[in-house]
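Structure, as structure tokens:
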Amino acid sequence: MWFSFWKSRDRFSLDELSRYLTDQLIKLQTVNEVNKDFVVEALRSIAELITYGDQHDSAFFEFFMEKQVMGEFVRILKVSRTVTVSLQLLQTISIMIQNLKNEHAIYYMFSNEHMNYLITYSFDFQNEELLSYYISFLRAISGKLDRNTISLLVKTQNDEVVSFPLYDEAIHFAFHEESMVRTAIRALTLNVYHVGDESVNRYVTSAPHADYFSNLVKFFRRQCINLNALVSDSTKNPGAESADTTTLISTAVDEIEDNLYYFSDVISAGIPDVGWLITDNILQLLIFPLLLPSLTIKAVEGIQIGAATSLYLVCCILRIVKIKDLANTISTALFCPLDAFSPESGAKPNGHTSFYGFAHESQPPGSNTKEGVGILRVDVPNESSSPHIHPVDVTRENDYCDSHLSLREALIYYIMSGDDIQVAGSLSVLATLLQTKELDESMLDALGILPQRKQHKKLLLQALVGEVSGEEQLFSSESSSSKDGTECGSELDSCLQKLKEQFGLLCSSLEVRASPRVHRFQVLDALVSLFCRSNISAETLWDGGWLLRQLLPYRESEFNSHHLKVLNDSYKNCTSALLKETRGVWPDLLVTVLCDEWKRCKRAIEASSPRKEPKCILLSSQRFSSEDGITSDSSFAAGERMCELVKVFVLLHQLQIFSLGRTFPEKPPINPPADVFENSRARSAGLDAAGPKLGTELRLVDGVPCRIAFERGKERHFSFLAISLGTSGWVVLAEELPLKEPYGVVRMVAPLAGSNPKPDDKHTRWLHLRIRPSTLPFVEPAKYGAYGKSKTKALVDGRWTLAFRDEESCNTALSMVLEEINLQSNEVERRLKPLLDLKSLVESSNSSQGPRTSSFHSTLSNSF
């Protein structure tokens, strides 16, 4: 028998399938170690022949049906005692299902309960390879599901599905520890949901199968808690393992976002009850008990997740899971006090006192708010003037952080007083809410973040259709929501009622009944105060600038004097610091960095959406540490501080321009480069605009002879020269040419700026120079690649110790360096002068008030 199987024959023939494969399988009574290799090869060949026949000759599959080979497959599995045969059988059937194109062939494969028998067979899944083949087998079946084939895999009773083995067995592995298994099962479930069979839809949403959706959210909740543990560890233990921790966080973030996209895909299948099931479970298992309570400003025992992680997750859920009911419920919950989410608190009476003591119809002006809680006071003296927030009794966590604060107020507090991550997270939440299309404009208005363009578009529409109130408000000093807060209340009221009836949550009456205009100016004032903070990164401040530009009204009257004063004071302080940088370590890069950051900031503020994804809240940018050889007093650290300062300055300058009602110029207003003076050292040395290059010749009329050793015991003689040319400058070591005096060949070049010349304390003929890198990795990233560990040596400062003939020569060289540094700094300051002259900016704005008014009406028309 075995000889006949292995002799030479036509492999792609019906005779091969019948005589040498199928007939031989039928004769087998058991499968053991002796004949398993034949069985494995036979199963593999059958898959190959059936696939071939499906494309070339239908007789192959007709024979397959006639001999009931699927039944033989089941019998072989029953009599097999080896895992190898089970593996090959699963692979064979998977290959056949995936490659068969004929519908009748697929129908046959799925009929006669053979497929369900294989699906429910008790395989040994402790064998990882067998599990992998089984999951691929299930996924292959799901790929062929449609309204016709799915009926062959379910069992029905009275036209209702009572059993669906493929789905039931698959979701047993939905939360397997191996991510590839989970991914395959999710693809399978999506294939089931997208078939659109109503009876199957009822089956998957009925008990106990609907537990799958709550288990999904519970699994997601565990992932969120694990992510928070990684974030917490990275905060507590920054150092050598930070790169590894960042990688772990990034991986966890990707898995979390994949889960949310899976939720979104499930909802998009259109099964009526699935959207409600997912929404309810996300709210009941994640949002209310875990995420929102963690936004409390003071430490609370038992909270399993940090504020930063919570802010990130809220943003992700709103961005990815696009369910109107979910978005409205989360937004409405922001009006609830923090203690409303405490399990032991139960139902709270309405009317908690807000930490904002604003005048309100139920609270006369001058009445006291809850004592010891208030950090801000919002005065609304009349309807034509804008509210104004004052710092009042700024207390710290234990005093200020009262559980009666609403979550909306907690976000504002984070913007004003939180750390960089909390500020970035709060800004991201507000920006995400603003960008969430599922939210009604009335909800955004109630939160105080309705964009100005939408406000004016609404009023313009009302004016065009003849509504008097719309026309009055359009050209009055009041915003659309200032006269009547009830207009935005319908949607909010229904959501509040739902929170109360379904979830037992009550919101602060002062928060809910306050005018949206008051909430709007609370947000605006918090953003303006943000720009006064020196402990917040420039990138985060840029995010605040984008949000401010979205909210800032067109009319200067609503951008009040307090806003202007705060911004002006911050701008002046930043300008003073920038002037100091002209005499710092990196003045040669200052103009270049400023021009580059001007363009980046302009793009960021004018963008239609925030430039960063929410995961940037958790993934901090890479920074070098002392372990890389970079210390806080190094030139590289000074370069980081300079770039950070420039970013803040550019933002504040552009906000000054915006507050004056002007558009941002494409380039910063700076002076052009100055001509080279005839008596300059650069002209005397014969230096061109490209600067000194190694191997080129220079005239050494101002050179000072010196000695330096770059290697122990190998001292070399050079002529030392310091040269400035515009905003650039260099210290040069040139080798004199005896036959061509006074010329020399450039052998060593280093930046003049940051050289920090110092005579030696003990040797009066020695001069020490610090040699910093020629550029910075974040200015020229291509030069440093990804500026990883291998590149850090190029960022560490070097030292030159020059030995001159006598003390006088040393002093001459020192004076030359200081003089050229001064010339370089003066040129940088001269070029930046128009940019730093705020008075001229204000005067030029005042002279252009006429065009500004027409610009306002033009903007409204464009918006409409």
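The values are calculated or read from the model by the stated rules, or taken from the named source; none is laboratory data. All values derive from a computational prediction rather than experimental measurement. Using ideal geometry, Cβ is built from the backbone for each residue, glycine included, and neighbour counts are taken over all protein chains shown. Only protein heavy atoms, including side chains, enter the accessible area calculation; ligands, DNA and RNA are left aside. Shrake-Rupley method; radii C 1.70, N 1.55, O 1.52, S 1.80 Å.
Note on residue 561 and residue 27: the model spin-label points, each 7 Å out from Cα along the C-beta direction, lie 10.7 nm apart. Sequence-ordered 3J(HN,Hα) estimates for region 435-444 from the Karplus curve with 6.51, -1.76 and 1.60 and θ = phi - 60° stand at 8, 7, 5, 6, 7, 6, 4, 5, 5, 4 Hz, glycine and proline given as x.
Accessible-area rank, largest first, for 586, 276: 276, 586, with all protein chains present and a 1.4 angstrom probe. The residues 189, 235, sorted by heavy-atom accessible surface at 1.4 Å with ligands and nucleic acids left out, run 235, 189 from largest to smallest. The residues of region 14-206 expose, per residue, 46 Å² of accessible area to a 1.4 Å probe.
First compute the accessible area of region 653-749 with a 1.4 Å probe, then give the percent of it belonging to carbon and sulfur atoms. Walk me through the intermediate numbers first.
Numbers: 2690 of 5370 Å².
Roughly 50 percent, rounded to a whole number.
Distance between the 7 Å Cα→Cβ label points at residue 532 and residue 226: 4.5 nm.
Were the residues from residue 268 through residue 163 laid out at 0.36 nm apart, the gain over their Cα-Cα distance would be 35.4 nm. The HN-Hα couplings worked out from phi for region 825-831 by the Karplus form 6.51 cos²θ - 1.76 cosθ + 1.60 (θ = phi - 60°) are 5, 4, 5, 4, 5, 5, 5 Hz, whole numbers, x standing for Gly and Pro.
If r is the Cβ-Cβ distance from residue 600 to residue 701 and R0 is 56 Å, what FRET efficiency results, to the nearest 0.05?
Details: r = 43 Å, r/R0 = 0.77.
In this case the efficiency is close to 0.85.
Of the chymotrypsin sites (Phe, Trp or Tyr not before Pro) found in region 642-713, the ones in coil according to DSSP and having at most 10 other Cβ atoms within 10 Å of their Cβ are 677. The figure for residue 203 is an accessible area of roughly 10 square angstrom, using a 1.4 Å probe on the protein chains alone.
At the residue level, residue 155 shows approximately 100 square angstrom of accessible surface with a 1.4 angstrom probe and all protein chains present. Given their separation in residues at 0.36 nm each and the Cα-Cα distance between them, residue 711 and residue 202 gain 175.0 nm when the chain is fully extended.
Measuring with a 1.4 Å probe in the full set of protein chains, what accessible area per residue, in whole Å², belongs to region 630-678?
Values: 2200 Å² over 49 residues.
That works out to 45 Å² for each residue.
Multiplying the residue separation of residue 502 and residue 569 by 0.36 nm and subtracting their alpha-carbon distance yields 19.2 nm.
For GluC sites (Glu not before Pro), the sites in region 139-197 that DSSP calls loop and that have at most 14 other Cβ atoms within 10 Å are 177, 178.
If R0 equals 56 Å, the separation of the Cβ atoms of residue 178 and residue 684 corresponds to a calculated FRET efficiency of about 0.15. Heavy-atom accessible area for residue 101, with the other protein chains in place and a 1.4 Å probe, reaches approximately 150 Å².
What is the calculated FRET efficiency for residue 81 to residue 104, with r their C-beta to C-beta distance and R₀ = 25 Å, to the nearest 0.05?
Working: r = 35 Å, r/R0 = 1.39.
Here the calculated transfer efficiency is 0.10.
Once neighbouring chains are kept in place and the probe is 1.4 Å, which whole percent of the accessible area of region 155-289 is contributed by carbon and sulfur? Walk me through the numbers before you get to the answer.
On the way: 3010 of 6270 Å².
That share works out to 48 percent.
Take the Cα of residue 251, step 7 Å toward its Cβ, do the same at residue 805, and the gap between the two points is 6.7 nm.
3J(HN,Hα) along region 198-215: 5, 5, 5, 4, 5, 5, 6, 9, 9, 6, x, 5, 5, 4, 4, 6, 5, 5 Hz, from the Karplus curve 6.51 cos²θ - 1.76 cosθ + 1.60 with θ = phi - 60°, whole Hz, x for Gly and Pro.
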